[in-house]
Amino acid sequence: MRAAAPDGPAAMAPEVAAEAAAIAGRHADSVDREARFPAEAFAALKEARLLGLMVPRDFGGGGGGLADVAAVAHALAQKCPSSGLIYAMHQIQVACLVRHGQDSAWHRGFLERLAGEQLLLASATTEAGIGGDVRSSACAVGEEPGGAFRLEKQATVISYGAEADAILVTARRGADSPPSDQVIVPVLRGQTQLEEIGGWDTLGMRGTRSVGYRLVAEAERAQILPLPYADISARTMLPVTHILWSSVWLGIATDAVARSAAFIRAEARKRPGTPPPGARRLAEATAGLQAMRGMVRGALARFEEAADDPDRLTALGFAVAMNTLKTEAAEMVVRIVGQAMLAGGLSAYRNDSPHSLGRHLRDAHSAPLMINNDRILGNTANLLLAHRDNGSLFG
Ligand SMILES: Cc1cc2nc3c(=O)[nH]c(=O)nc-3n(C[C@H](O)[C@H](O)[C@H](O)COP(=O)(O)OP(=O)(O)OC[C@H]3O[C@@H](n4cnc5c(N)ncnc54)[C@H](O)[C@@H]3O)c2cc1C
């Protein structure tokens, strides 16, 4: 594997990502069958220094932007959606640290370690009794002597928790804080005990190994990101999450359409002059894919335009756009894979065919419930009570 750093890593990212994606693809079936972490893909990504792609060069990282990272997640997801999603979830945490950690000595040091050692970051937002309401926590950061803290969280889902070098955990600011007064803190592997409280035998996204844990961390208060989580969420975590998840789902849809197109072309070659009956469904799936691609690109451009302007990032219209991206992209991937399945017929339905879409279909169904669409639509509905769309072509 070639390395993407140190000379022009962001520019080289597509080439090295394609190599990592090819490795991910070779192991995708066993990752899915055994519900195991895609170790081979992540060894390749680390070797290519793509885990630190978004870390600024001053800290030894690749100096890439969100578009570079979205392209890598998209490339991986076409071959192994679990690898694409893990890469996306890692980079969401990196984005929070890069955008909100540079004014603090601890976090600057951590960014250097992240890039130097290619650390893998996981996330613990979901909590027992609270589910996917990320803007609420039950657990709290408990004050200990000597600038330390202790934190205990019943984290019902932490993807690749066992493999992560650090986990970003949301919690109430203190024992007396209300559920929405949250902070986010990276805790390192050596500072954290993880006791399994649930398994991961799911329909899809099996390689994410999103096991439930009782998480107990003892660490320094200096590790808590200085900005309140409410601001980090609005300015970075929510938009970056929805853009990167959508890029992963776009990768699933892209490969599904490519597989059904290969099937239709093979059928057409068998009977020249007679269009295969599934060709119309392929056209339908292709139209959906084009719309989805435009939507993801549009959201990415919108984020990049607003990225340095906290007022624009916290405007109601921006929140509506980013919420809508998630709910819509999650429905589109399920629909497009379904259309591609109709185009491919039994050849797509079989598990033992080169045109199989079984894994695509199973993985796609995680999208609407990964922070449930109903929960996000309810949130958007509340925002719409106060926000009026300006009717402009460019939002
Ligand atoms: C592949 C995968 C990987 C994941 N990885 C992680 C991870 O690494 N870290 C992490 O913290 N989490 C992770 N999650 C969890 C995920 O982000 C969501 O938090 C979780 O899927 C929500 O779980 P739930 O559906 O049980 O709970 P809830 O969100 O509580 O939803 C339960 C049900 O109640 C409904 N509901 C609840 N509230 C409302 C409302 N206000 N309006 C309408 N309906 C509502 C929902 O629609 C749903 O039907 C992952 C999930 C998946 C699928």
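General observations
- Residue count, the range 51-102 (criterion: touching a residue at least 60 places away in the same chain (Cβ under 8 Å), open to solvent by 10 Å² or more (accessible area, probe 1.4 Å) and within 20 Å of residue 223 (Cβ to Cβ)): 3
- Boolean, residue 174 is surrounded by fewer than 15 Cβ atoms within 10 Å (Cβ to Cβ), out of contact with any helix residue (DSSP H, G or I) (no Cβ under 7 Å at 6 or more places or on another chain), small (Gly, Ala, Ser) and over 18 Å from residue 139 (Cβ atoms): no
- When the residues of the range 275-295 are filtered to those that are open to solvent by 80 Å² or more (accessible area, probe 1.4 Å) and in a helix (DSSP H, G or I), the one that is nearest to residue 346 (Cα to Cα) is 281.
- Some residue of the range 341-351 being in the same structural domain as residue 322 (by TED's automatic domain parsing), within 16 Å of the ligand (Cβ to nearest atom) and in contact (Cβ under 8 Å) with a residue 60 or more places away in the chain: no
- Selection status of residue 184, in contact (Cβ under 8 Å) with a residue 60 or more places away in the chain, within 16 Å of residue 134 (Cα to Cα) and not in a helix (DSSP H, G or I): yes
- For the criterion of being over 22 Å from residue 374 (Cβ atoms), part of a loop (DSSP other than H, G, I, E, B) and either among the acidic types (Asp, Glu) or open to solvent by 30 Å² or more (accessible area, probe 1.4 Å) (or both), residue 164 fails.
- Helices (runs of 4 or more DSSP H) enclosed by the range 309-395 - at least 1 residues per element that are under 25 Å from the mean Cα position of the chain (by Cα): 310-313, 316-344, 358-364, 373-386
- Looking at 272, 239, just one residue is open to solvent by 10 Å² or more (accessible area, probe 1.4 Å), farther than 22 Å from residue 153 by Cβ and more than 14 Å from the ligand (Cβ to nearest atom), and that residue is 272.
The values are calculated or read from the model by the stated rules, or taken from the named source; none is laboratory data. Because the structure is predicted, anything quoted here is derived from the model rather than measured. So basically every Cβ, Gly included, is an ideal-geometry build from the backbone, and we count neighbours across all protein chains shown. Just so you know, the surface numbers come from the protein's heavy atoms only, side chains and all, with ligands and any DNA or RNA stripped out. Shrake-Rupley method; radii C 1.70, N 1.55, O 1.52, S 1.80 Å.
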